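Read the structure below first, then the notes.
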């Protein structure tokens, strides 16, 4: 990718991650060292054409100026391809690691080292204590690799009944699937196989160092 386009993409990623509105071409130019808004416009067009960004709203009808450009700013967001190029992994939601918890979508992407990213991977935030025996604590970030058919015994992210997502150890038992907990205080989940969709296997647990066991001790 053109170095200037990569800088634009990284700037857009920071703005989107912070929940800020789409910057103007002038703001982008100031951020990446381009004086010409026309040059910025060209780079944005190439980024959109190559699938790194997309506009999330309809094209406004009000136009003005000699070049006929819209006076309204169209919302822009990064695609999954764009987040990958910017060195980010999109965080898709929180995943239940305990009873009575459902997945909640998170709009902000979680930043991790670029080398950890690969195609078909995403981050989920674990909530609950049912998998502590497998080293998964409440609040951990789980790097999940998309895999609809992992072997039995794999820790997976599973969608139950098309509504609730949970992380458990997978066991296929005839017409049923058992999603095993790793904490004696939590029960396994046993459901018909047709009601379970495996989203992927947990490949890595990411945790802030001060959140580990025994934090605060000298």
> residue 53 is checked against (1) out of contact with any strand residue (DSSP E or B) (no Cβ under 6 Å at 6 or more places or on another chain); (2) closer than 15 Å to residue 74 by Cα and fails just one. What number does that condition carry?
Replying inline: (1)
> Which condition number in (1) at pLDDT below 90; (2) closer than 13 Å to residue 85 by Cβ is the one that residue 47 fails?
Replying inline: (1)
>> Looking at 35, 72 in this structure, which one is part of a loop (DSSP other than H, G, I, E, B) and at pLDDT below 80?
In response: 72
>> Anything in segment 3-17 that is surrounded by 21 or more Cβ atoms within 10 Å (Cβ to Cβ), more than 14 Å from residue 81 (Cα to Cα) and over 16 Å from the mean Cα position of the chain (by Cα)? List them, or say none.
In response: 8
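The values are calculated or read from the model by the stated rules, or taken from the named source; none is laboratory data. Predicted model, so just to flag it, every value in this text is computed and none were measured. All Cβ positions, glycine included, derive from the backbone under ideal geometry; neighbour counts span all protein chains shown.
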